[in-house]
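The values are calculated or read from the model by the stated rules, or taken from the named source; none is laboratory data. All values reported here derive from a predicted model rather than from experimental measurement. Every residue, glycine as well, gets a Cβ built from its backbone with ideal geometry; the counts of neighbours run over all protein chains shown.
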Amino acid sequence: MSLFNELNAAASASSGEITYVEFPNLFSGDIPINKVAFRIFGINVYWYGVIITAAVALGVLYSLKRAKKAGVLPDNVFDVAFWGTIGGIIGARAYYVIFWNLNPENEYKYTLSTAITGIRGGGLAIYGGLIGAAFAGLAAAKLLKIKFPPIADLVGMGFLIGHCVGRWGNLVNQEAFGAPTAGNLPWGMTGRPYIAEFIREQQTAGIVADGENVLVHPCFLYESLWCLLGFAILHFYAEKFRSFDGEIFLLYVFWYGAGRAFIEQLRTDSLMAGGLKASQVLAVASAVFALILFVYFKKTLNKASGYTMYKDTEQSRLIIGEFEYRAKLEKEKGRAKRALKRVRRDLEEPSAPSVLGGGETGGSDSGENN
């Protein structure tokens, strides 16, 4: 058994946090999912956290890989992404707590203390994370005197990767599922205990009939696929048609907002603002605003003479050129150090004795005795 399987088996035995999901119209049988990935020093490490961490890492790695094409340094992208990640976590938690507390139907209310200490119990909202990450990243760029719009384009693409991967954490937690379907949807899902509990509530309220084969929309899957499609389209668009800095970020905001507005309508666990779904309102507003800005800048900047994207400026070329020169110099220094170590090692090793005799020096003193 591999170390991973041993850790997972130990987590399963000790935690008891097993859920089951099923897609009966695709295949028979349920899928057991352990919410705990493994344990370290007696502390559960949850798959949700592992998946979110992987999602952030993949988004950052993509941004770092594409940094020079946008005319910025990978180090600068990492700095902005680092502070953006911290701001995103704070924003995601704050957004969730604020709208949870504003809902009069929620009897439990968070305090500042429980909002911090209870984060391991769940409660993060993506839109809050996006807002927090955007403000923290912008502040970091200003303080470090880094050009923000081209980095924002990279970050937008990284967000799409993060959404696509991170949403699978909702499957593990059996959350972010949608309203009941007609029952014959090929990818309709059910599960225990959370979806089954939701269905019982629907039956008690008379919304669905008792004994009916109730399946729900896998909203996490819809959003993951929507973001994957958006990433593919915008990656191609950025290569061929990007004409101003910040364009890809605006298109990301529009794409994600348009999809989220529809998907949020299906969800059953939305944070509410009065009688409206908070994230749906924000999704529509942000998508419309981003589209207006995109059209405006596309027209005005294309007509304006003298506009140059940052990657084509002399400043960017000098920065990238210096970065590449230093990287090349570091590689040459590394090769020189390795070569020097080999020379020193060869000098320190005694030479092999000659098959003709003569000892370690390989010479002969016979001529001296003639």
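Taking every residue in region 291-316 that is among the aliphatic types (A, V, I, L, M) and pairing it with any residue that is assigned to a loop (DSSP other than H, G, I, E, B) and modelled with pLDDT under 90, at least 6 positions away or on another chain, the pairs with Cβ-Cβ distances below 7 Å are Leu301/Tyr307. When Ser305 is tested against (1) closer than 18 Å to Asp245 by Cβ; (2) surrounded by fewer than 17 Cβ atoms within 10 Å (Cβ to Cβ); (3) modelled with pLDDT of 90 or more, just one condition goes unmet, and that condition is (3).
Every condition in (1) touching a strand residue (DSSP E or B) at 6+ places or on another chain (Cβ under 8 Å); (2) part of a helix (DSSP H, G or I); (3) closer than 24 Å to Ile233 by Cβ is met by Leu171 except one, and the failing one is (3).
If you go through region 207-230 and keep only what is of a type in the set (A, V, I, L, M), in contact (Cβ under 8 Å) with a residue 24 or more places away in the chain and part of a loop (DSSP other than H, G, I, E, B), you end up with Ile207, Val208, Val214, Leu215.
Using the structure shown, decide if Val165 is in contact with a Leu (Cβ under 9 Å, 6 or more places away or on another chain), part of a helix (DSSP H, G or I), crowded, with 18+ Cβ neighbours inside 10 Å and among the hydrophobic types (A, V, I, L, M, F, W, C). Against the criterion (in contact with a Leu (Cβ under 9 Å, 6 or more places away or on another chain), part of a helix (DSSP H, G or I), crowded, with 18+ Cβ neighbours inside 10 Å and among the hydrophobic types (A, V, I, L, M, F, W, C)), Val165 qualifies. Selection of region 174-206 for residues being in contact with a Ser or Thr (Cβ under 8 Å, 6 or more places away or on another chain) and either surrounded by 13 or more Cβ atoms within 10 Å (Cβ to Cβ) or in a strand (DSSP E or B) (or both) yields Gln174, Phe177, Gly178, Ala179, Gly188, Gly191, Arg192, Tyr194, Ala196, Phe198, Ile199. Candidates are the residues of region 34-60 that are of a type in the set (Phe, Trp, Tyr) and in a helix (DSSP H, G or I); the one that is farthest from Tyr237 (Cα to Cα) is Trp47. Evaluate the following for Thr19: is it of a type in the set (S, T, N, Q), buried (at least 19 other Cβ atoms within 10 Å of the Cβ) and on the phi < 0 side of the Ramachandran plot? Yes, satisfied. Of all the criteria given as (1) among the charged types (D, E, K, R); (2) under 30 Å from Gly321 (Cα atoms); (3) in contact with an Asp or Glu (Cβ under 9 Å, 6 or more places away or on another chain), the one not satisfied by Glu22 is (2). Here Glu175, Glu223, Glu197 are screened, and the one residue that is among the acidic types (Asp, Glu), more than 25 Å from Ala283 (Cα to Cα) and out of contact with any Cys (no Cβ under 6 Å at 6 or more places or on another chain) is Glu197. Only one of the numbered conditions (1) more than 25 Å from Gly121 (Cα to Cα); (2) surrounded by fewer than 19 Cβ atoms within 10 Å (Cβ to Cβ); (3) not charged (D, E, K, R) is not met by Ala81, and that is (2). Among the helices (runs of 4 or more DSSP H) confined to region 61-160, the ones with at least 2 residues that are touching a residue at least 40 places away in the same chain (Cβ under 8 Å) and of a type in the set (A, V, I, L, M, F, W, C) are located at 74-102, 126-144.
A count restricted to region 90-107 and to residues that are surrounded by fewer than 20 Cβ atoms within 10 Å (Cβ to Cβ), modelled with pLDDT of 90 or more and of a type outside the set (A, V, I, L, M) stands at 2. Screening Ala209 on (1) at pLDDT 90 or above; (2) surrounded by fewer than 18 Cβ atoms within 10 Å (Cβ to Cβ) shows it passes everything except condition (1).
In region 172-187, the residue that is farthest from Ile52 (Cα to Cα) out of those that are under 26 Å from the mean Cα position of the chain (by Cα) and of a type outside the set (S, T, N, Q) is Trp187.
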